[in-house]
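Asker: Input: one structure, supplied below.
The values are calculated or read from the model by the stated rules, or taken from the named source; none is laboratory data. Please read all numbers here as calculations on a predicted model, not as lab measurements. Cβ coordinates were reconstructed from backbone atoms using ideal geometry, including for glycine residues, and neighbour counts include every protein chain displayed. Areas reflect the complete protein model, heavy atoms only, side chains present, ligands, DNA and RNA absent. Shrake-Rupley method; radii C 1.70, N 1.55, O 1.52, S 1.80 Å.
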Amino acid sequence: SQQGEEDPQALSIQEGENATMNCSYKTSINNLQWYRQNSGRGLVHLILIRSNEREKHSGRLRVTLDTSKKSSSLLITASRAADTASYFCATDLEAAGNKLTFGGGTRVLVKP
Amino acid sequence: NAGVMQNPRHLVRRRGQEARLRCSPMKGHSHVYWYRQLPEEGLKFMVYLQKENIIDESGMPKERFSAEFPKEGPSILRIQQVVRGDSAAYFCASSPPNGANEKLFFGSGTQLSVL
């Protein structure tokens, strides 16, 4: 089964609303990261949260991590049309060695 | 400081031809990763390299695919005798010497289309 499953797969909201997406994983992690991808482009790193951290903020982004539930959430507050993109979680799994494992992503559409 | 540079941006090959994808990491970065992405899907790990060494190739198909990161020059992902199923976006990422599995910097990708 796949690590780093995002939920929902797609999200459509109005500008100004908050967007929340979740990521679940199955085995122990060193860290969990969120990336953003605009259509046809490479991924851009947003935020990294370590296994001993519970919450981090960066601008309008808030990330939480619950290692007991093996899940993380990304909240984008006061969304803008420019936030329209796909968002991926990536896990640095303790057992996976030297690579990040990406989920399938959440496609977010922010309507102006 | 230029970002991760990938070329070509688009590559069209006929079945049976070879595809060579190039990646120049960010200046000062010594770790290179290659990922493959199918439409509407996440990235699948292929290979992790440091200069002149393949560290982890657990995601590479056993046949037709190879990667290198020579002492001088870009990292190359080579696909021999391409088939239609190889059509995908191939992304390269790099990280600094002490940053393996930390923040990755991605290139814009090479879209490979096999006719």
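Asker: Rounded to the nearest 5, what % of DSSP beta bridges with both residues in chain A are antiparallel? Display every interim value, and only then the final one.
Answerer: Numbers: 39 of 44 bridges.
Percent antiparallel among DSSP bridges in chain A is about 90.
Asker: Now for a separate question. Calculate the mean, over all residues of peptide A:31-41, of how many other protein chain Cβ atoms lie within 10 angstrom of the residue's Cβ. Kindly include the intermediate steps, with their values, before the conclusion.
Answerer: Details: counts 3, 0, 4, 0, 6, 0, 6, 0, 0, 5, 6.
The shielding value for this peptide is 3.
Asker: Shifting gears a bit: Leaving out ligands, DNA and RNA, what percent of the accessible area of chain A is carbon and sulfur, probe 1.4 Å? Can you show the working numbers first?
Answerer: On the way: 2350 of 5140 Å².
The nonpolar share, carbon plus sulfur, comes to 46 percent.
Asker: Let me ask something additional. Just to be sure I understand: with springs between alpha-carbon atoms less than 10 Å apart, which residue in B:GLY16, B:GLY42, B:GLY73 has the highest mean-square fluctuation in the Gaussian network model of chain B?
Answerer: Checking each option, the largest mean-square fluctuation is seen for B:GLY42.
Asker: Next up: To make sure I understand the rule: partners must be lysines, Cα under 23 Å from the Cα of A:LYS26, and not fewer than 8 residues away in the same chain. Which ones qualify?
Answerer: A:LYS56, A:LYS69, A:LYS70, A:LYS99, B:LYS44, B:LYS103
Asker: Quantify how strongly other chains surround peptide A:101-108 by giving the mean number of their Cβ atoms within 10 Å of each of its Cβ atoms.
Answerer: On the way: counts 5, 7, 3, 4, 5, 0, 1, 0.
Counting other chains' Cβ atoms within 10 Å and averaging over A:101-108 gives 3.
Asker: Can I ask one more? With all distinct Cα pairs included, what does the Kirkwood hydrodynamic radius of the protein assembly as shown come out to in Å, to one decimal, could you say?
Answerer: About 18.0 Å, per the Kirkwood formula over Cα pairs.
Asker: Give me a single rounded figure for B:108-115: the average over its residues of other chain Cβ atoms within 10 Å of their Cβ.
Answerer: Mean partner shielding for this stretch: 1.
Asker: For chain A, report the convex hull volume of the alpha-carbon atoms normalised per residue, in Å³, without decimals. Please list the in-between numbers first.
Answerer: Numbers: hull volume 10.6 nm³, N = 112.
Once divided by residue count, the hull of chain A is 95 Å³.
Asker: Give the carbon-plus-sulfur fraction of the accessible surface of region B:1-89 in %, rounded to a whole number; probe 1.4 Å, heavy atoms of protein chains only. Could you put the intermediate results ahead of the total?
Answerer: Working: 2270 of 4970 Å².
It is 46 percent, rounded to a whole number.
Asker: On a C-alpha basis, how far is the centre of region B:60-115 from the centre of region A:27-84 in Å? Whole number, if you could?
Answerer: 25 Å
Asker: Hey, how many Å between the Cα centroid of region B:8-56 and the Cα centroid of region A:88-108?
Answerer: Centre-to-centre distance over Cα atoms comes out at 17 Å.
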